[in-house]
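Below: the structure, in structure tokens.
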Amino acid sequence: MSHTRLTMKNRYLVGGPITPLLISELMTLGNDDSGSGAVSIFIGKVRADEIEGKRVTAIEYSAYEEMAGKEADEIVKTVRNAYSDVRSVLIVHSMGVVRAGEASLFIMVTSGRRDQATRACRHTLEMVKEKMPVWKKELF
Amino acid sequence: MGTEVMVLFFGKAEVAAGSKEELFTAEDTAELRRMLLRKYPALAGIPFRMALNKTLLKEESALKKNDIIAILPPFQGG
């Protein structure tokens with residue numbers, strides 16, 4: 001996990017894109033949980049939208065980092081309380097510049113069986129969008 | 001009178017205020033809100049919410065020493 005430790009700004013925010021290498025490392029978290037039989041993952045990516053005739057090439061993310069950490073703590077707690085079969089909830093959001101096509105959000109939920117993993121992953125995603133103080137600036 | 005508090009600006013509010021942080025002296029969040037809009041009229045175009053010490057304000061609140069107020073435009077994570 002050395003790569004993960006080096007790049008994480010805190011337990012929820014990472015500088016730059018969420019790389020395939022980071023994703024593969026995050027996916028090994030919980031491998032030692034023998035009761036976990038389902039893993040649901042959501043990966044959000046930067047779209048190359050066209051805005052007023054200009055193509056987005058990247059997004060620069062910023063956050064109120066201390067509040068984002070507090071809100072993410074609350075989201076994890078809420079999801080774990082709402083889904084009894086859920087065994088872990090992981091949220092990682094990018095800060096700084098993420099180019100179009102790269103990943104900027106990673107959510108992973110593990111549970112004993114598949115049903116709650118998928119539902120809790122979606123629930124986590126919706127709460128991240130609603131509650132985490134993160135902003136973006138399109139770069140062209 | 002009033003209490004000096006630190007105000008943090010994020011996202012488009014940072015652009016409107018032209019800085020990341022600034023000290024203001026106000027009795028409560030309602031007075032602070034009025035001061036902010038008077039000083040930075042561009043904030044009126046942003047449907048911002050305020051957080052007091054990292055918690056979203058649900059109603060106006062008195063201010064005390066060392067409080068931190070954050071000006072939060074609509075969240076855009078994901």
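Read-outs throughout are calculated quantities, based only on the coordinates presented, and are distinct from any laboratory measurement. Bear in mind that the values here come from a model prediction, so they are computed numbers and not experimental data. Every residue, glycine among them, receives a Cβ derived from its backbone with ideal geometry; neighbour counts consider all protein chains shown.
The table that follows gives values for the structure above.
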read-out	value
Translational D in µm²/s for region B:3-72 (Stokes-Einstein at 10 °C, 1.306 mPa s, Kirkwood Rh from C-alpha pairs)	135
Folded to 0 to 90 degrees: helix B:29-39 orientation relative to chain B principal axis, Cα	60
Of A:K137/B:K65; A:K45/B:K39; A:K45/B:K65; A:K54/B:K58; B:K12/B:K58, those spanning more than 31 Å from alpha-carbon to alpha-carbon	A:K137/B:K65; A:K45/B:K39; A:K45/B:K65; A:K54/B:K58
Whole-number percent relative contact order across chain B, with pairs defined as alpha carbons under 8 Å at least 6 apart	41
In nm, spacing of pseudo-spin labels at B:L57 and B:T25 (7 Å Cα→C-beta vector)	1.9
20 °C / 1.002 mPa s Stokes-Einstein diffusion coefficient of chain A, Kirkwood radius on C-alpha pairs, µm²/s	138
Alpha-carbon centroid distance for the pair region B:20-51 / region A:54-79, whole angstrom	23
Within 10 Å of each Cβ in A:130-138, the average number of Cβ atoms from other chains	5
Footprinting exposure proxy for A:V46, A:V89 (fewest neighbouring C-beta atoms within 10 Å first)	A:V89, A:V46
Percentage relative contact order, chain A, counting C-alpha pairs under 8 Å, at least six apart	37
